[in-house]
Amino acid sequence: MRTYPSDDGKASFVSLERGEDLLDGLNRAVSALGLEAATLQVIGGLEEAVVGYFQPETAEYLPIRTGHVEICSGLGNVSIRDGQPFIHLHLVVSGPDGSAVGGHAMEGCRAFVVEAYFRALDGPPPVRQDVEGMTLKVWPGV
Amino acid sequence: MRTYPSDDGKASFVSLERGEDLLDGLNRAVSALGLEAATLQVIGGLEEAVVGYFQPETAEYLPIRTGHVEICSGLGNVSIRDGQPFIHLHLVVSGPDGSAVGGHAMEGCRAFVVEAYFRALDGPPPVRQDVEGMTLKVWPGV
Amino acid sequence: MRTYPSDDGKASFVSLERGEDLLDGLNRAVSALGLEAATLQVIGGLEEAVVGYFQPETAEYLPIRTGHVEICSGLGNVSIRDGQPFIHLHLVVSGPDGSAVGGHAMEGCRAFVVEAYFRALDGPPPVRQDVEGMTLKVWPGV
């Protein structure tokens, strides 16, 4: 993992090495950059991907696994969960015929080429919390 | 709808409550934040989605409706149309098998979890206008 | 191509005229704005699209061609390659039934409506380089 920060330290490109776990590498970037609230964009390719579909009833992610894919789109954010900076990232990936598959980025996405961009919010970070009627921790909407 | 603004007021995260209409909620955020020109990113999930495919011949959006989906990607902007701030948002959503469906975000997208990010352009907003040969209002390209 | 820059010149919306080649138009924007390192977002529609799937073995992009599509998502960056600013852009596009197809934006994407946003990194640009074990030029990850 290597960071390419802006002069004011509020933004950075990040590159991962081939074979790194996507979320591991991005989490190390978050630590290195000292981010608590930020927006995140990712493109590149993965040797394999695991994306999840959240089932509200079971509060579990149904995993979808792929082989080598393009990262067509990675959009996410950094905020606070359980007192720590936490990355929430959603992906759209595509195979040789272009067919797109998407979902919540899970452990097990292995980098081929990963080009990420973080920009700090530069304000109080949203905090993920238990909210009535929700089976996952969210930023309160009221 | 709740805003999580930056210290300088130029950017904000936004969270919607479960059940809110996506465009309604984001439009209220645009008003609350006083945005006239901004970039927009969204991830999360929707209880149901309506995305459109624009048909240039009829100048109408062909709607595609889904059940509960992940918002894999929401990219958009705020600019001026008919004298008012206007959100243009495109979505990629995915179901339990990960299959991705995309298009123009329409009325009827109901929030499950919505995490949005706005950043103001901080300059004169683009203005949507009628342009020869186009059947929708666009930012002039010359 | 027309730019809609921010007051400080660090960001800009960009609109392309119908019929312009997507990468050509965005490259002219990069020149006009003097960008060397930037993040890029695109939505809109294309009269036709060509997106590629990178095959590591052959170091070639397998092209996927479409008719008129929505640009559901365009995410990319500007950095330095061979001494010049270079756009790397990935797309997700969708047709009348919403089915999403994705990949690396290639020559031959013809604009219907293109609304892009650039924000400069405002720091030393990443430089694409040959790296051992990779068959394309990447930002070093160590």
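The values are calculated or read from the model by the stated rules, or taken from the named source; none is laboratory data. In this text the structure is predicted, and so the values were computed from the model without any measurement. A quick note on method: Cβ atoms are made from the backbone with ideal geometry, for glycine too, and the neighbour counts reach across all protein chains shown. All accessible areas refer to the heavy atoms of the entire protein, side chains included, with ligands and DNA or RNA removed. Shrake-Rupley method; radii C 1.70, N 1.55, O 1.52, S 1.80 Å.
Given N residues in the range C:1-80, what is its alpha carbon radius of gyration divided by 2.2 N^0.38 Å?
Relative to the rule-of-thumb radius for its length, the range C:1-80 sits at 1.23.
Per residue, how large is the accessible surface of the protein assembly as shown? Use a 1.4 angstrom probe and give square angstrom.
On a per-residue basis, 37 Å².
GNM on chain C, C-alpha springs below 10 Å: top fluctuator among C:SER15, C:SER79, C:SER31?
Maximum fluctuation in the GNM of chain C, among the listed residues, is at C:SER31.
Sort shortest first the distances from C:GLY108 to its counterpart in every other copy, using label points 7 Å along the Cα-to-beta-carbon line, and give them in nm.
Label-point distances to the other copies, shortest first: 3.5, 3.5 nm.
Between copies, how close do the A:ASP7 label points come, placed 7 Å along Cα→Cβ, listed in nm from shortest?
Here A:ASP7 shows inter-copy label distances of 2.0, 2.0 nm.
In whole Hz, what ³J(HN,Hα) sequence does the range A:85-102 give by Karplus (6.51, -1.76, 1.60; θ = phi - 60°), x for Gly and Pro?
x, 9, 8, 10, 9, 10, 10, 10, 10, 9, x, x, 8, x, 4, 9, 10, x
Which distances, shortest first and in nm, link C:SER31 to the matching position in the other copies, using label points set 7 Å out along Cα to C-beta?
4.5, 4.5
Taking only Cα atoms and a 10 Å spring cutoff, compute GNM fluctuations for chain A and point out the largest among A:THR39, A:THR58, A:THR66.
Among A:THR39, A:THR58, A:THR66, the largest GNM mean-square fluctuation belongs to A:THR58.
Under unit Cβ charges (Lys, Arg +1; Asp, Glu -1), what dipole magnitude, rounded to 20 debye, does the protein assembly as shown have relative to its Cα centre?
460 debye
With all protein chains present, how much of the accessible area of the range B:1-78 (probe radius 1.4 Å) comes from carbon and sulfur, to the nearest whole percent?
Here carbon and sulfur together make up 42 percent of the probe-accessible area.
Which far-off residues, 5 or more places away or on another chain, put their amide H under 5 Å from the one on C:GLU60, with H placed in the peptide plane?
Amide H neighbours of C:GLU60, under 5 Å, 5+ apart: C:GLN55.
What size of dipole, in debye to the nearest 20, comes out for chain C about its Cα centre when the only charges are +1 on Lys and Arg C-beta atoms and -1 on Asp and Glu C-beta atoms?
Working: 10 positive and 19 negative charges, 34 e Å.
The calculated dipole for chain C is roughly 160 debye.
Where the centre of each part is set by its Cα atoms, how far does the range C:70-142 sit from the range A:26-87, in angstrom?
After rounding, the separation between the Cα centres reads 20 Å.
State, as an integer percentage, the relative contact order of chain C based on alpha-carbon contacts under 8 Å between residues 6 or more apart.
So the answer I get is 32 percent.
Using just the C-alpha positions of chain C as equal point scatterers, what log10 of I(q)/I(0) does the Debye formula give at each q in 0.10, 0.11, 0.13, 0.18 1/Å?
Taking Cα atoms of chain C as identical point scatterers yields -0.34, -0.41, -0.57, -1.04.
Can you pull out the trypsin sites (Lys or Arg not before Pro) in the range C:55-110 whose DSSP state is coil and whose Cβ has at most 14 other Cβ atoms within 10 Å? Display every interim value, and only then the final one.
Numbers: sites: C:ARG65, C:ARG81, C:ARG110; in loops: none.
Those that pass, being in a loop and sparsely packed, number zero.
Where is the GNM fluctuation largest for chain A (alpha-carbon springs, 10 angstrom cutoff): A:LEU62, A:LEU35, A:LEU26?
Greatest mean-square fluctuation among the candidates belongs to A:LEU62.
Expressed as a fraction of 2.2 N^0.38 Å, the rule-of-thumb size for a compact globular protein of N residues, what is the C-alpha radius of gyration of the range B:67-136? Could you put the intermediate results ahead of the total?
Values: Rg = 14.9 Å, N = 70, 2.2 N^0.38 = 11.1 Å.
For the range B:67-136, the normalised Cα radius of gyration comes out at 1.35.
All other residues with a Cβ under 9 Å from the Cβ of A:LEU46 taken together, and with Lys, Arg as +1 and Asp, Glu as -1, what is their net charge?
Summing Lys and Arg as +1 and Asp and Glu as -1 gives -2.
Under 19 Å from the Cα of C:LYS137, which aspartates and glutamates turn up, not counting those fewer than eight places away in the same chain?
List returned: A:GLU17, A:GLU20, A:GLU47, A:GLU70, A:GLU115, C:GLU36, C:GLU57, C:GLU60, C:ASP82, C:GLU107.
Using helices alone, I'd like the mean residue ellipticity at 222 nm for chain C: each DSSP H run of four-plus residues gives -39500 (n - 2.57), total over residue count, nearest 500.
It lands at -2500 deg cm²/dmol.
Taking B:LYS10 as the anchor, which lysines have their alpha carbon closer than 20 Å to its alpha carbon, excluding any fewer than eight residues away along the same chain?
A:LYS10, C:LYS10
Which residues, if any, in the range A:101-136 have at least 50 Å² less accessible area in the whole protein complex than in the isolated chain, probe 1.4 Å?
Correct list: A:PHE112, A:GLU115, A:ARG119, A:LEU121, A:MET134.
What shape does the protein assembly as shown take by its C-alpha gyration tensor, where a ≥ b ≥ c are the square roots of the eigenvalues and a/c under 1.5 counts as rounded, a/b above b/c as prolate, and the rest as oblate?
Since a/c stays below 1.5, the shape of the protein assembly as shown is classed as rounded.
Would you be so kind as to identify which of C:LEU46, C:ALA111, C:GLY34 lies farthest towards the positive end of the dipole of the range C:7-142, taking Lys and Arg as +1 and Asp and Glu as -1 on Cβ and the Cα centre as origin?
Comparing the listed Cα positions along the dipole, C:GLY34 ranks first.
What's the buried accessible area, both sides, between A and C using a 1.4 Å probe, rounded to 100 Å²?
For A against C, buried area totals roughly 3000 Å².
Size of the dipole of the range B:40-115 about the Cα centre, Lys and Arg at +1 and Asp and Glu at -1 on the beta carbon, nothing else charged, in debye to 20?
100 debye
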